[in-house]
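Remarks on the structure that follows.
The values are calculated or read from the model by the stated rules, or taken from the named source; none is laboratory data. What you see is a predicted model; the values in this text were computed from it and never measured. A quick note on method: Cβ atoms are made from the backbone with ideal geometry, for glycine too, and the neighbour counts reach across all protein chains shown. Calculation scope for accessible area: heavy atoms of the full protein, side chains included, ligands and nucleic acids excluded. Shrake-Rupley method; radii C 1.70, N 1.55, O 1.52, S 1.80 Å.
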Amino acid sequence: TFMPWPGQMGQFALRYQKKELLKPPFTKNEDRDAQEYAASMAWFTFFAGNKGFVNLKYELNKEDADGINWNYVGNKGNLNIIMPLNDVLKFNVSGEAYYQRYDPANTNFLKKREDMTYTGSAMLSYEFYKNMEARLQYVYTRADSNIGIYDYSKNVSSVGVEVRY
């Protein structure tokens, strides 16, 4: 993370993650235990006395799974905006697009899988006490896959409280 000038921040990151799923797969080719490698870069522009920001991020990732049906390379881009509405009320809106290309061909469907997933969210947060926020959030996800079983839409509404120490 670096700050080239006031109100701007850049970020570069490398990530490694080892995934071990608890439930065993129904076939060896469906084993989702994996190693994931990722590189990302992001840019932040701060405003409203550094209480709000606009963030753009790009990530390239590769998942090397034990089951060949789950090996893929992904490209993800997102935009996140946090706007303070006053001293205790914030509005957060974000969007993400994620393209995944699986290789080799899926052994169940006999073709290479390609997914394009879009996610959008909006959240209103109210700080009712120091380091405590009430949150109201809506998230919409649309996964478009060339293999129909992986195609879905999802709507999630939530209400919660966040406590920071």
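Worth a mention:
- Accessible area per residue for the stretch 1-61 is 72 Å², calculated with a 1.4 Å probe on protein heavy atoms, without ligands, DNA or RNA.
- Each peptide in 4-16, 24-36, 61-73 receives the mean, over its residues, of other Cβ atoms within 10 Å, and ordering these scores from highest gives 61-73, 24-36, 4-16.
- Split the accessible area of the chain by element, probe 1.4 Å, and carbon with sulfur accounts for 60%.
- One chain, two ends: K112 and M3. Fully extended at 0.36 nm per residue, the span grows by 35.1 nm beyond their Cα-Cα distance.
- Remark: relative contact order (the stretch 21-165) = 15 percent; criterion is Cα-Cα distance under 8 angstrom and separation of 6 or more residues.
- Span from the the stretch 37-55 Cα centroid across to the the stretch 73-152 one, whole angstrom: 17 Å
- The charge dipole of the stretch 33-133, taken about the Cα centre with unit charges on the Cβ atoms of Lys, Arg (+1) and Asp, Glu (-1), comes to about 320 debye, rounded to the nearest 20.
- Here the dipole of the stretch 100-165 is about 80 debye; that uses its Cα centre as origin and unit charges on the Cβ of Lys and Arg (positive) and Asp and Glu (negative).
- Overall, the stretch 52-110 carries a charge dipole of about 200 debye about its Cα centre when +1 sits on the Cβ of Lys and Arg and -1 on the Cβ of Asp and Glu, all other atoms neutral.
- Computed Kirkwood radius, in angstrom, where 1/r is averaged over Cα pairs of the stretch 1-145: 17.8 Å
- Measuring between alpha carbons in the structure, the pairs from K90/K130; K51/K76; K51/K130; K23/K111; K28/K112 lying more than 24 angstrom apart are K51/K76; K23/K111.
- All Cα-Cα distances of the stretch 44-84, cut into 10 Å bins from zero to the largest, leave 26, 29, 21, 16, 8 percent in each bin in turn.
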